[in-house]
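Asker: Sharing a structure below in structure tokens format, with a few things to ask.
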Amino acid sequence: MADFLGLEPEPDEGFCMRASSPHRATREWVLLIVALVIVGGIVAPLWQTFGTAESRADLLAKWTPERLGRLLIGPEQAACYVCFAWAGLILLSRYREVRRQRRAFSLELLPTEEGARILPEDARPYARKVDQMTAQFGPFILANMIRHGLGKYAISKSAPDVAEVVRNQAEVEQARLIASMGTVNYLVWAIPAIGFLGTVRGLAGGMSMAGTQEADLGKFIKQATDQLGIAFDCTFIALALSLVLMYFLHAVQRNEETLLIDSQEYCQEHLLLRLYDPKPTPLGTDAP
């Protein structure tokens, strides 16, 4: 669950390319805890010094079970909860798919021993080996990149051509991941839109009472205030859910982008740098 929350993945998950990254990983959650401690250490004493006991008691008294019920329960809130749960389940499935994709790094699809080289005549046997090893686990992004690269090498026998194919395939996989996130992107936009819809409904309900409650001003003010409370409660819940969902969307997208980067680095180290690319014979000279 660590990588889903934005942390570095566990080092025992097969091939972890970030262990050889040229920069040191940033422990974002550790920095978040430090930030909370700093802010809490400043705000808490100020609240104790300048906040009166009456103001603190009034604040707690406002959040009664009835007030919390009006805040959390409503037609717009329910619609926001449905969208949030739907998007959350999609992101959870994407997170599990990223973890499944990382199993490919431990399958030894290519030779990893030092000094091993891949000749043009070895390309198709290695491609068949990749197909056989991944058949029981399902499709892998890494295996697909390796398969396309080996197929190109078997035909052109040129390492630069293989590098171009691997790079193009990585771009295709990235475009596919972005396109398949369209529903989640729509739900991230839809949640605050539903909240604003509830806000408009509450404001319209408050204004519609102006012509019906002229004889009793006090009753009109109370009902209009309740409608305004409903309006802003919808917006509050929608924006809060949207903020949480946007973070999880960011975390999953970052893990998917890191997967593509690790796949390209794996191909760079175990495929491109091991290809045998004979130098062409200069024109006008006889081969020995």
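Asker: If I model a spin label at Ser156 and Glu28 as a point 7 Å from the Cα along the Cα→Cβ vector, what separation in nanometres do I get?
Answerer: Simple spin-label model gives 3.6 nm for this pair.
Asker: Across the stretch 239-247, in residue order, what do the Karplus-derived ³J(HN,Hα) couplings come to in whole Hz, using 6.51 cos²θ - 1.76 cosθ + 1.60 with θ = phi - 60° and x for Gly and Pro?
Answerer: The phi angles translate into 5, 5, 5, 5, 4, 5, 5, 5, 5 Hz.
Asker: Normalising by the residue count of the stretch 75-274, find the relative contact order in percent from Cα pairs under 8 Å and 6+ residues apart.
Answerer: 33
Asker: Tell me, Lys152, Lys157 in order of fewest to most beta-carbon neighbours within 10 Å?
Answerer: Fewest to most other Cβ atoms nearby, the residues stand as Lys157, Lys152.
Asker: What ranking of Ser158, Ser93 emerges when the number of other C-beta atoms within 10 Å of each C-beta is taken as an exposure proxy, fewest first?
Answerer: By the 10 Å Cβ count, ascending: Ser93, Ser158.
Asker: Quick check on the exposure proxy: order Tyr247, Tyr95, Tyr153 from fewest to most C-beta atoms within 10 angstrom. Please report the intermediate quantities before stating the final value.
Answerer: Working: Tyr247 12, Tyr95 19, Tyr153 27.
Ranked by crowding around the Cβ, least crowded first: Tyr247, Tyr95, Tyr153.
Asker: Could you compute the FRET efficiency for Ile178 and Ala240, with r as their C-beta to C-beta distance and R0 at 30 Å, rounded to 0.05?
Answerer: E between Ile178 and Ala240, to the nearest 0.05, is 0.70.
Asker: I'm a student and want to see the number: the projected area of the Cα convex hull of the stretch 75-274, averaged over all directions, in nm².
Answerer: Result: a mean projected hull area of 13.6 nm².
Asker: Still on this model: I'd like the Karplus ³J(HN,Hα) series for the stretch 148-157: coefficients 6.51, -1.76, 1.60, θ = phi - 60°, whole numbers in Hz, and an x wherever there's a Gly or Pro.
Answerer: 5, x, 5, x, 5, 5, 5, 8, 8, 6
Asker: List every residue whose amide H lies under 5 Å from the amide H of Leu275, counting only residues 5 or more places away in sequence or on a different chain, with H placed 1.01 Å from N in the peptide plane.
Answerer: Correct list: Ile118.
Asker: Karplus couplings for the stretch 264-274 from phi (6.51 cos²θ - 1.76 cosθ + 1.60, θ = phi - 60°), rounded to Hz, Gly and Pro as x?
Answerer: 5, 5, 4, 5, 5, 7, 9, 10, 5, 6, 10
Each value in this text was obtained by applying a stated rule to the coordinates, not by laboratory testing. These numbers come from a predicted model, not from an experiment. Virtual Cβ from ideal backbone geometry, glycine too; neighbours counted across all protein chains shown.
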